[in-house]
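The values are calculated or read from the model by the stated rules, or taken from the named source; none is laboratory data. All values derive from a computational prediction rather than experimental measurement. Note that each Cβ is placed from the backbone with ideal geometry, even for glycine, and that neighbours are counted across all protein chains shown. SASA here: full protein model, heavy atoms, side chains in, ligands and nucleic acids out. Shrake-Rupley method; radii C 1.70, N 1.55, O 1.52, S 1.80 Å.
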Amino acid sequence: MRSCLSAVTLVLATLVVTAVPAHANEPLLIAHYSFNARAGALADESGNGHTLRMLSFQGGRVRTVAHGLGAAVAFPGKCIRLVCPHVVLQSGTSADLNPGTRDIAFGADVLLPPGQTSPGQNIVQKGYSTLSSQYKLQIDGAAGHPSCVLVDVRQPGIRIARSVVTTADGRWHRVRCQRSGTSLTIYVDNVVRGRTTVPAGLTVFNDQPLRIGSKGAYRDNDQFNGVLDNVWVRITR
């Protein structure tokens with residue numbers, strides 16, 4: 001009987017050992033915001049506790065609007081005055097939001113009317129290109145083409161994958177940035193719309209929070225002027 005039990009134990013141990021590599025490169029949901037919760041609408045639904053808080057300047061606010069069967073958040077509209085309302089949603093600082101050299105994907109559902117474009121509007125970002133390192137999804141220019149950005153922690157220089165199609169047409173679009181090894185790709189509505197090559201060792205690691213809707217609540221903050229829903233970040237284990 002003991003020899004039979006030993007054999008069973010050995011088989012189970014072998015199964016456990018061989019099962020681990022199959023999940024080694026599995027993308028892990030690090031943060032997710034659907035903005036649907038009645039209480040704590042800025043809660044992180046991934047379960048990782050990256051709850052957002054709103055920081056504002058000059059009366060900047062987000063408001064909840066209907067989207068499908070749930071809700072989305074609308075940011076302040078385009079402003080050309082000297083002093084404009086600014087707002088950002090940001091998490092606390094957390095090391096698990098840093099991909100390092102690992103693969104990462106992040107994105108959002110985006111609605112931006114053509115009359116609301118500007119030189120720069122940030123959707124999702126962590127870090128600053130000139131201070132540390134960064135990953136970012138943005139919509140830039142009057143034509144409203146989204147793009148994905150990676151900046152290495154050691155070497156300055158922006159790596160950017162820009163979409164060949166606009167998302168500033170007043171309709172909802174699902175936009176995704178994905179770094180896989182040496183490739184940075186942007187998807188619009190699940191179709192590849194741009195790609196660039198990045199160094200294999202490119203590292204994103206900083207002590208900044210995850211920011212949504214702009215890079216801060218100050219002047220010249222690259223304020224997003226549309227509506228966002230289903231913002232998320234996934235990082236490979």
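Here are some notes:
- All strands (runs of 3 or more DSSP E) inside the range 1-112 with 3 or more residues being open to solvent by less than 40 Å² (accessible area, probe 1.4 Å) and either at pLDDT 90 or above or in contact with an Asp or Glu (Cβ under 9 Å, 6 or more places away or on another chain) (or both): 27-33, 70-74, 86-90, 104-111
The rows are residues; the columns are (1) hydroxyl-bearing (Ser, Thr, Tyr); (2) on the phi > 0 side of the Ramachandran plot; (3) in contact with a helix residue (DSSP H, G or I) (Cβ under 9 Å, 6 or more places away or on another chain).
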site	(1), (2), (3)
Gln178	no, no, no
Asp189	no, yes, no
Ala200	no, no, no
Thr203	yes, no, no
Asp207	no, no, yes
Ile212	no, no, no
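- When Asp109, Asp96, Asp140 are checked against the criterion of being more than 15 Å from the chain's Cα centre (by Cα) and of a type in the set (Asp, Glu), a single residue qualifies: Asp140.
- Annotation note: Cβ proximity below 9 Å between a residue of the range 155-166 that is at pLDDT below 95 and a residue that is part of a strand (DSSP E or B) (sequence gap 6+ or interchain) occurs for Gly157/Val151.
- Residue list for the range 184-237, restricted to those being closer than 19 Å to Val165 by Cβ and small (Gly, Ala, Ser): Gly194, Gly226
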